[in-house]
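The next block holds one structure in the form of structure tokens; read it before the comments.
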There are 2 protein chains.
Amino acid sequence: MVGRTAYIAVDWGTTNRRAYAMTADGAVVDTLQDGRGVLALSPGDYPEAIATLRERFGAQTIVVAGMVGSTRGWREAPYIDAPATLQALGAAALDVAPDVRIIPGVALRSGPRPDVMRGEEVQVLGAISTGAAPPTALFCQPGTHNKWIETVDGAITDFATVMTGELFALVRAHGILAGMLDGAVADGAAFRDGLKRGREARNLAAALFEVRAGVLLDRLAPADAAAYASGVMIGTDVGTRTDLGDRPVHLLGGGALAALYTVAITEAGGRVVTVPDGATTAGIHAIWSLRA
Amino acid sequence: MVGRTAYIAVDWGTTNRRAYAMTADGAVVDTLQDGRGVLALSPGDYPEAIATLRERFGAQTIVVAGMVGSTRGWREAPYIDAPATLQALGAAALDVAPDVRIIPGVALRSGPRPDVMRGEEVQVLGAISTGAAPPTALFCQPGTHNKWIETVDGAITDFATVMTGELFALVRAHGILAGMLDGAVADGAAFRDGLKRGREARNLAAALFEVRAGVLLDRLAPADAAAYASGVMIGTDVGTRTDLGDRPVHLLGGGALAALYTVAITEAGGRVVTVPDGATTAGIHAIWSLRA
């Protein structure tokens, strides 16, 4: 039996929009996914974009997480400071339109280094809310901008954004390595060689040129160059963590990139615990429940 | 009194071509510089490009260094292995056309990491040949691909290519930092803050996102972002050297980038000795003299 829709949860990111019709006890009864992400919309487009959700799911409250609340999105929902809890995120949600609330992101504003996140906080704290991860943990969320996130007692206390995926895409598309990196990126000997080199070198600008030199000098097969380069970049990323032996890494997200990070963390002496799907809707549900 | 042209030296790079009418004792009597670099020419264009040099300077022998001898240039002059001397470079020069010789590059083929250079070897060994640098030294040649080069007794024994300049250009033109890095890049507080952060972080993928976060959180003035980001990238590059306290760094090349590297090396505890202009023609002259 399908429960009654109590509200609509939306994970509204840079390139995609995922909407979920939710019951009052947090079950998903219907979903919509499309390409109407932040990059595809101007601020004036959002009322119509919301209207399409209402046509599909009904007139219920809409609770949104993600880049829609950034300066590039609909309207800015200002970052809250770490340490950040679900309660604090819920209290700071922005009422952007009648019955539409945007959950803010989290900032490291006054510590030794600045950083920001928007969307990942809901996923991390959602995983904790369901017991899929413990309240004090280290998380990794691979993506265009990989995030390492630390929580203590159910609050996000620290995090670091590493532009690994973006830099890999840039060197693959432009510059002197472009055209050398068209091969498959998958786990294997070349990827693991790259991981090792990346962990040692730590600075990917120093290790990346070796991809070109390796191909020119017949030390690296052209078909292996992309996997090796990916290994170098993910290896430098994982190599920045000096605490991998101390505790498990809770890995968020699935797919090929998560599989590569699993290999990379394991090869670096860490232990990966994969967080099941559903953490984002669980986080939005916990925030909705605070005001329901 | 202007001496008689004995041969023509050409520094033929990726984007520029610099030709010098040389006397038998190594003086420059005439020069030509244009944009007919390797990227502007197909292999079939070189005979005509050589003809224009002969029209200008005469029928003498032409000795060429640089990317013209790469697989993307006129014809490949295969790399010689390190340790590489001027004598070895001269002996391996490729006779590409009547009275036209291309000096090869240098490769690290069998050591722990592969690397290649083409053009810098002539400049480094030329600086040593004139006494502008000692036979055993550490060199830095800033550029799109910064090179750190070590020599022992007048031979290039080791070197490392760091893609600092290319990665800076890529993040400035594309991706999430594009549009944030339009400010001036110059020495100053922001550049030096970036240097410090880069040396600490060492992995620029981890430190670069802080540029965006710093601007979003009003910790970094938008006008300072480019200088800070440049500092981060050059700081990670210089930070990979752990031997800067041991000996001077002989800096090749001039202009704004060399000035920034001078600051970066000095801030990291190193001492810079600037190599005067003319090292490339000195290197070509030494090689020409071997067969003159």
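The values are calculated or read from the model by the stated rules, or taken from the named source; none is laboratory data. Predicted model, so just to flag it, every value in this text is computed and none were measured. In this analysis, Cβ positions are derived from the backbone assuming ideal geometry, glycine residues included, and neighbour counts consider all displayed protein chains. Please note that ligands, DNA and RNA were not included when accessible areas were found on the heavy atoms of the full protein model with its side chains. Shrake-Rupley method; radii C 1.70, N 1.55, O 1.52, S 1.80 Å.
The listed residues A:Val215, A:Val28, B:Val100 rank as A:Val28, A:Val215, B:Val100 when sorted by accessible area, largest first, using a 1.4 Å probe.
Rolling a 1.4 Å probe across all protein chains gives B:Lys147 an accessible area of roughly 10 Å².
Couplings 3J(HN,Hα) of the range B:183-192, computed from phi: x, 5, 9, 8, 4, x, 4, 5, 4, 6 Hz, in residue order, whole Hz [Karplus 6.51 cos²θ - 1.76 cosθ + 1.60, θ = phi - 60°; x for Gly and Pro].
Centre-to-centre separation between the Cα atoms of the range B:97-136 and those of the range A:120-178: 43 Å. Please work out the Cα center distance from the range B:268-292 to the range A:199-229, rounded to the nearest Å. Answer, in whole Å: 29. By a 1.4 Å probe calculation restricted to protein chains, B:Ser110 has an accessible surface near 110 Å², given to the nearest 10.
If each Cα of the range A:226-284 is one equal point scatterer, what is log10 of I(q)/I(0) from the Debye formula at q = 0.13, 0.19, 0.29 Å⁻¹? Scattering profile of the range A:226-284, log10 relative to I(0): -0.37, -0.71, -1.20.
Measuring nothing but alpha carbons in the range B:64-132 and taking Rh as the Kirkwood radius, the Rg to Rh ratio lands at 0.98. Sorted largest first, the spans of the alpha carbon positions of the protein assembly as shown along the three principal axes are 95, 45, 45 Å. Model label points for B:Asp25 and A:Asp246, set 7 angstrom from Cα along the Cα-to-Cβ axis, are 6.9 nm apart. Return one number: the angle in degrees, 0 to 90 and rounded to the nearest 10, between the long axis of the Cα atoms of helix A:255-267 and the longest principal axis of the Cα atoms of chain A. It works out to around 60 degrees.
Going from most exposed to least, what order do A:Met67, A:Met117 have by accessible area with a 1.4 Å probe? Let's see the in-between values first.
Details: A:Met67 45, A:Met117 5 Å².
So the residues, ranked largest to smallest area, are A:Met67, A:Met117.
Close amide-amide hydrogen proximity is noted between A:Val272 and A:Val249, each under 5 Å apart and 5 or more residues distant or on a separate chain (H modeled in the peptide plane; Pro and chain starts excluded). Label point of B:Gln60 set 7 angstrom out along Cα-Cβ; within the range B:260-292, amide nitrogens under 19 Å from it belong to B:278-292. Solvent-free Debye calculation, one equal scatterer per alpha-carbon of the range A:203-258: log10 I(q)/I(0) at 0.13, 0.29 Å⁻¹ equals -0.45, -1.14.
Give me the accessible area buried between chains A and B, both sides summed, with a 1.4 Å probe, in Å² rounded to the nearest 100.
Details: alone 13140 and 13150 Å², together 22380 Å².
When A and B are taken together, about 3900 Å² of accessible area is lost.
The figure for B:Thr157 is an accessible area of roughly 50 square angstrom, using a 1.4 Å probe on the protein chains alone. As a length-normalised measure over Cα pairs under 8 Å and 6 or more apart, the relative contact order of chain B settles at 16 percent.
Each copy carries B:Gly255; placing its label point 7 Å along the C-beta direction from Cα gives inter-copy distances of 3.9 nm, listed from smallest up.
For the range B:253-292, what D do you get in µm² per second when you plug the Kirkwood radius from alpha-carbon pairs into Stokes-Einstein at 4 °C and 1.567 mPa s? Can you show the working numbers first?
Details: Rh = 12.0 Å.
Stokes-Einstein gives a translational diffusion coefficient of 108 µm²/s.
Could you estimate the translational diffusion coefficient of the range B:162-274 from the Stokes-Einstein equation, with Rh from the Kirkwood formula over C-alpha pairs, at 10 °C and 1.306 mPa s, in whole µm²/s? This corresponds to a translational diffusion coefficient of 114 µm²/s. The calculated 222 nm mean residue ellipticity attributable to helices in chain A amounts to -11000 deg cm²/dmol, summing -39500 (n - 2.57) over DSSP H runs of n ≥ 4 and dividing by all residues. Normalising by residue count, the range B:1-152 has a Cα convex hull of 120 Å³ per residue.
Ordering A:Glu166, B:Glu150 from largest to smallest accessible area (1.4 angstrom probe), what's the sequence? Please report the intermediate quantities before stating the final value.
On the way: A:Glu166 15, B:Glu150 45 Å².
Per-residue accessible area, sorted high to low, gives B:Glu150, A:Glu166.
Each residue of chain A gets 138 Å³ once the volume of the Cα convex hull is shared out per residue. Rolling a 1.4 angstrom probe over the protein heavy atoms, how many square angstrom per residue are accessible across the protein assembly as shown? Using a 1.4 Å probe on heavy atoms only, each residue of the protein assembly as shown averages 38 Å².
Extent of the range A:80-224 along its three principal axes (Cα atoms, max minus min coordinate, largest first): 60, 33, 30 Å. Computed in the context of the full set of protein chains, the accessible area of chain B at 1.4 Å probe radius has 52% of its extent on carbon or sulfur. Here the Karplus relation 6.51 cos²θ - 1.76 cosθ + 1.60, evaluated at θ = phi - 60°, turns the backbone of the range A:107-116 into coupling constants of 10, 9, 9, 10, x, x, 9, x, 7, 9 Hz, with x for every Gly and Pro.
Kindly give the semi-axes, whole Å and largest first, of the ellipsoid equivalent to the range B:17-65, taking each as the square root of 5 times a Cα gyration tensor eigenvalue. Could the numbers behind the result be given before it?
On the way: eigenvalues 85, 27, 17 Å².
That gives 21, 12, 9 Å for the three semi-axes.
The Cα trace of the range B:144-202 gives Rg and Dmax of 15.3, 47 Å, the first to one decimal, the second as a whole number. Scalar couplings 3J(HN,Hα) for the range A:30-43, obtained by applying the Karplus form with A = 6.51, B = -1.76, C = 1.60 to θ = phi - 60°, are 7, 9, 9, 9, 8, x, 7, x, 4, 5, 8, 10, 9, x Hz; x denotes Gly and Pro.
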